[in-house]
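Report on the structure given below.
The values are calculated or read from the model by the stated rules, or taken from the named source; none is laboratory data. A quick note: this is a predicted structure, and the numbers were derived from the prediction, not measured. Glycine gets a Cβ as well: all are built from the backbone with ideal geometry, and neighbour counts include every protein chain shown. The accessibility values were calculated without ligands, DNA or RNA, using every heavy atom of the protein model including side chains. Shrake-Rupley method; radii C 1.70, N 1.55, O 1.52, S 1.80 Å.
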Amino acid sequence: MKIISLSFFDISKKAKIRHYFINKSSHRIVISAMFSLIINLFYALYHGILGIRTLSLWFLVMFVYYTILAVTRFSAVLCSYQNRTVYFLDTEYFVMKISGILLMMLSLILIAIIYISMSQNIVTKYNEITMITIATYTFTKITTAIVKAVKQKESHSPFLTVILNISYAEVAVSVLNLQRSMIATFGEMSSADIINRLTGAFVCFFVLFLGVSMLKKCKYRKENQYGKIKNYKSK
């Protein structure tokens, strides 16, 4: 009996420890999402003001881009806040559906951004030290996104899926911006026109894929629930 009770105690203790680290990881992700939300709101306000003052289509499109990112993150953070006491899985899937639609819209906005930037040759050129710093920061974001993906690969939480997919989309856009800035700083934009177009197309399709994948998960769950209800009624 003592051996059984000790084993049960060990299992219970391990379960509590595992639950603690899962919640701690989710808490860190929420804090990171809130910080990114504030940055998105700041950039949206900044580009919105410049767009109205200068009547620039570029700044207005960038305003829409950061606004969609902010709304998507806000819906995820709000979902986490509402579920802090009582957990509702349906709420998380609803947020996943909304976020999927918003990411699909974001892919269309990215097409407009890429078209305007390439047609009007809009690109930010930095000095070498600043460019290296930005490159280091971007690669840090990529590494962080990969680490989060590995840690959360066994998690089936819709909320974490939404947060991570938003991060993936933002990282993909950062890579595109980094490529264009590096070419403008260290080379000639005209010689890398095809590379920029291919990278831009890949980023747009990648963001679209993230949105579609979330909608498919929501649809699969709905069909699965409908199938269970139908089987239950038939019994």
*On the given criteria, is Phe74 open to solvent by 70 Å² or more (accessible area, probe 1.4 Å) and at pLDDT 90 or above?*
no
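Condition check ((1) under 15 Å from the mean Cα position of the chain (by Cα); (2) modelled with pLDDT under 85) across all residues:
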residue: Ile29; (1), (2): yes, yes
residue: Ala33; (1), (2): yes, yes
residue: Tyr46; (1), (2): no, no
residue: Met62; (1), (2): no, no
residue: Ser80; (1), (2): no, yes
residue: Ile98; (1), (2): yes, no
_Looking at segment 94-115, can you tell me whether even one residue there is open to solvent by less than 60 Å² (accessible area, probe 1.4 Å) and not in a helix (DSSP H, G or I)?_
no
*Please find, within segment 178-201, the residue that is nearest to the chain's Cα centre (by Cα) out of those that are open to solvent by 50 Å² or more (accessible area, probe 1.4 Å) and free of Cβ contacts under 8 Å to residues at least 12 places away in the same chain.*
Leu198
*Sort out which residues of segment 35-44 are more than 16 Å from the chain's Cα centre (by Cα) and open to solvent by 30 Å² or more (accessible area, probe 1.4 Å), and write them in order of number.*
Phe42, Tyr43
*Hits in segment 116-143 (condition: without any contact (Cβ under 8 Å) to a residue 60 or more places away in the chain, touching a helix residue (DSSP H, G or I) at 6+ places or on another chain (Cβ under 8 Å) and open to solvent by 30 Å² or more (accessible area, probe 1.4 Å))*: Tyr126, Asn127, Glu128, Ile134, Lys141, Ile142
